[in-house]
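Structure first, then comments.
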Amino acid sequence: MAKRRSDSRDQDATALPDAAWRQSFRRRLLAWYRRAARDLPWRRSSNVYHTWISEIMLQQTQVSTVEPYFERFIAEFPTIADLAAADEQEVLRFWEGLGYYRRARQLHAAAQMIVTDYDGQFPRTADEVQALPGIGRYTVGAILSIAFDAREPILEANTRRLLTRLLAYPGDPHRGEGEQLLWQFAEQLLPRRGVGELNQALMELGSLICSPKEPDCEACPARECCPTAARGLQAEIPPPKRPPQWESIREAAIVVRRRGRLLLRQCQEGERWSGLWDFPRVPLKARRKDKVRDEIETQVAELTGAEIELGPHLTTIKHGVTRFRITLECYEATHLSGPATRGAGRATLKWLRPSDLEDYPLSTTGRRLSRLVQQRAARPLAAVSD
């Protein structure tokens, strides 16, 4: 109990730095950033569209992963109007592999809203920007400060960690008084001009130097004014997050063949990968081979209306999605009858040639399975072994 009361007093005593400290920190930070900033494709212009796309892509995704996606996306949809006019399936296809596909659907919806409500011009006020689908407080600050030099603060994973250490704040920086304190600190750090550069410098320092584990304090421009480094508390501040609680599940993906075509199903709202296409996928509980066969054939009929005869095992893919660790057992199947792909309830089913799969947005595992299927497309079913 004594330890808890001491921590509470430390949190209550956390004070924001004074103006002299802030001025010194900004000078050191910007000098470092102008030397060390990475050459990233979205930093090569002040185009608000580029800033917006990059900020959405960077949510929960590493910079190195985003770079090639950003360049392909901008090449395909060079303006807000181009993005708004595109089919959602095309947008998802160019997003495929980045994950968190809701971001792509919201991006597309926001582009259409900008064209309809703002004559294709990205809005300039925080309230208007935050009203767009998929944009929260941090993204508003990042877009408006970087593109328009608006005096808007930011707080994302890297800056949250950096600011927490610069304050030596011992509490939880993700909620309550901790989050409120950090937003206040982020706002006080802003200069009168050059806000976008400062915000990018904060993110860069948090990403490259002030890492979660073993930060490179020797290379940090703020090392002489960082109380966390002075006290050697880098491992305790911010407090480590609890490890995620994973749930293991088994599923089966079925490659149903009919006269050289494959059955695909579009994932529905509320399902994983909503809007994307996938091979029929069902939960799997049985262990015995005969029970597995019965379970899969029954569930595929319920899901798609297709009567199938389960064929050989193709491969097993293990992957993680949110809090799930999934073992995906992939099988081929012979088509017997159904489903109708027209009429009520069947618009989400398609029979496609293997070569057509490249034109459809698939989940990561669906794409891996499609490539395996394309390699084996010319081989008869009987030639595929377990």
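Read the figures in this text as sums done on the coordinates, not as results from a lab. Everything numeric here is computed off the predicted structure, so don't read it as measured data. Cβ sites come from the backbone with ideal geometry, for glycine too, and all protein chains shown count toward neighbours.
Structure data summary
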item	result
Theoretical ellipticity at 222 nm over the chain - DSSP helices of four or more residues, -39500 (n - 2.57) apiece, nearest 500	-14000 deg cm²/dmol
3J(HN,Hα) from dihedral phi, the stretch 292-300, Karplus parametrisation 6.51/-1.76/1.60, rounded to Hz, x for glycine, proline	4, 4, 4, 4, 5, 4, 5, 6, 5
Built amide H within the under 5 Å cut-off of L314, gap 5+	C330, Y331, E332
Packing-based order for 349-361, 52-64, using average beta carbon neighbours within 10 Å, highest first	52-64, 349-361
Cα shape, the chain, gyration tensor, a/c 1.5 rule	prolate
Selected from Q188, L83, W21, residue furthest toward positive end of dipole (the chain; charges at beta carbon)	W21
Highest to lowest packing among 286-293, 258-265, 241-248, scored as the average C-beta count within 10 Å	258-265, 286-293, 241-248
Whole-number percent relative contact order across the stretch 120-198, with pairs defined as alpha carbons under 8 Å at least 6 apart	30 percent
Among P354, P283, G305 - extreme Cα towards positive end, dipole of the stretch 247-383, charges at beta-carbon	P354
Unit charges at the beta carbon, dipole of the stretch 33-125: most positive-side option, N47, Y33, W95	Y33
Mean Cα-pair separation over length for the chain, i.e. relative contact order, pairs under 8 Å, 6 or more apart, %	15 percent
Reach of K241 by Cα under 21 Å, taken over lysines that are not fewer than 8 positions away in the same chain	K3, K213
Two-decimal Rg/Rh across the stretch 204-325, once Rg and the Kirkwood Rh are taken from alpha-carbon atoms	1.28
Volume of the Cα convex hull of the stretch 2-231, divided per residue and given in Å³	131 Å³
Karplus-derived 3J(HN,Hα), 6.51/-1.76/1.60, for each residue of the stretch 62-75, Hz, glycine and proline x	6, 4, 4, 6, 6, 3, x, 5, 4, 5, 5, 5, 5, 5
The stretch 23-139: Cα Rg divided by the 2.2 N^0.38 Å rule of thumb	1.14
Reachable aspartates and glutamates, given that their alpha-carbon falls under 20 Å from the alpha-carbon of K318 and they are not under 8 places away in the same chain	E96, E247, E251, E271, D278, E329, E332, D386
Per-residue ³J(HN,Hα) for the stretch 116-130, Karplus 6.51 cos²θ - 1.76 cosθ + 1.60, θ = phi - 60°, Hz, x for Gly and Pro	6, 9, 10, 6, x, 9, 4, x, 10, 9, 4, 5, 5, 5, 5
Equivalent ellipsoid, the stretch 247-383 (semi-axes from 5 times Cα gyration tensor eigenvalues, Å)	20, 18, 16
